[in-house]
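Novice: Let me give you the structure first, and then I'll get to my questions.
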Amino acid sequence: RLGSSNFNGLKKQIKNKNFVSVVSCSYIIPVKRLDLIIDILSRLTIPFKWIHIGEGNLQKEIQEYAERKLKKENFLFLGSIENQFILNTYMEEDVDYLINMSDSEGLPVSMMEAFSVGIPVISRNVGGVSEIVSNDCGLLLEKDFEFEFITQKVEEILSARLSNISLYCKMSEAALIKWKQKFDAEKNYNKFTEMLSGL
């Protein structure tokens, strides 16, 4: 694993708040299923703000779909952001969860980045996602779960941010620990070079 970096040692500050901030970070293309994220969010009964980082060939359609399904104050498309500024954006927007509903993935760096600052991840179990996400540091959903079940589980975990801050703190810390143990790019690079030098 190459991992990700958090050069400035950024970490989410967990404060009491009255809404949940959710971010997605991907190209806006069919496989990323931003339409499914919008469908899920449109069913929530709790106050939320969804932020999307990234651009793509479905951008116009997805933005129009969000405008039809969500209230204007509940979503924000930030466009492309250079990699070195993504973690700062998470801090500035006080992001609580990263959400990913892709039909297919590799080993997503976006999830490693979220974990590096203590942000839990909600994702479908596709590709290498299960190597990163587990239910102690987010929510792992099987790809073929029914939409109603997925929506219920997403609402439950988002609600925990507002109603059970101690549980959320545990998830946040578990995400950070997992990143330090498995996905810290500097540590992984050092291990890799040590392995090569021993050949």
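The values are calculated or read from the model by the stated rules, or taken from the named source; none is laboratory data. Values in this document were obtained by computation on a predicted structure and should not be read as measured data. Neighbour counts are summed over all protein chains in view; Cβ atoms, including those assigned to glycine, are modelled from backbone coordinates with ideal geometry. Heads up: the accessible areas ignore ligands, DNA and RNA and are worked out on the full protein's heavy atoms, side chains in. Shrake-Rupley method; radii C 1.70, N 1.55, O 1.52, S 1.80 Å.
Novice: Residue by residue through segment 2-24, note down the ones that are open to solvent by 30 Å² or more (accessible area, probe 1.4 Å), modelled with pLDDT of 90 or more and either not in a loop (DSSP other than H, G, I, E, B) or not basic (Lys, Arg) (or both).
Specialist: Within segment 2-24, 10, 13, 14, 16, 18, 19 meet the criteria.
Novice: Can you name the residue in segment 138-182 that is open to solvent by 60 Å² or more (accessible area, probe 1.4 Å) and small (Gly, Ala, Ser) and is also nearest to residue 20 (Cα to Cα) among such residues?
Specialist: Within segment 138-182, the match that is nearest to residue 20 (Cα to Cα) is 163.
Novice: Moving on. Being of a type in the set (Ser, Thr, Tyr) and either in contact with a helix residue (DSSP H, G or I) (Cβ under 9 Å, 6 or more places away or on another chain) or under 27 Å from residue 177 (Cβ atoms) (or both) is the filter here, so list the residues in segment 1-51 that pass it. Please lay out each step first, then the result.
Specialist: Step one: list which residues in segment 1-51 are of a type in the set (Ser, Thr, Tyr), which gives 4-5, 21, 24, 26-27, 42, 45.
Correct list: 4, 5, 21, 24, 26, 42, 45.
Novice: Another one. I'd like to check something: does segment 29-42 contain any residue that is surrounded by fewer than 19 Cβ atoms within 10 Å (Cβ to Cβ), touching a strand residue (DSSP E or B) at 6+ places or on another chain (Cβ under 6 Å), at negative phi and hydrophobic (A, V, I, L, M, F, W, C)?
Specialist: no
Novice: All but one of (1) among the acidic types (Asp, Glu); (2) more than 26 Å from residue 19 (Cβ to Cβ); (3) open to solvent by 60 Å² or more (accessible area, probe 1.4 Å) hold for residue 105, so report the exception by its number.
Specialist: Among (1) among the acidic types (Asp, Glu); (2) more than 26 Å from residue 19 (Cβ to Cβ); (3) open to solvent by 60 Å² or more (accessible area, probe 1.4 Å), the lone unmet condition for residue 105 is (3).
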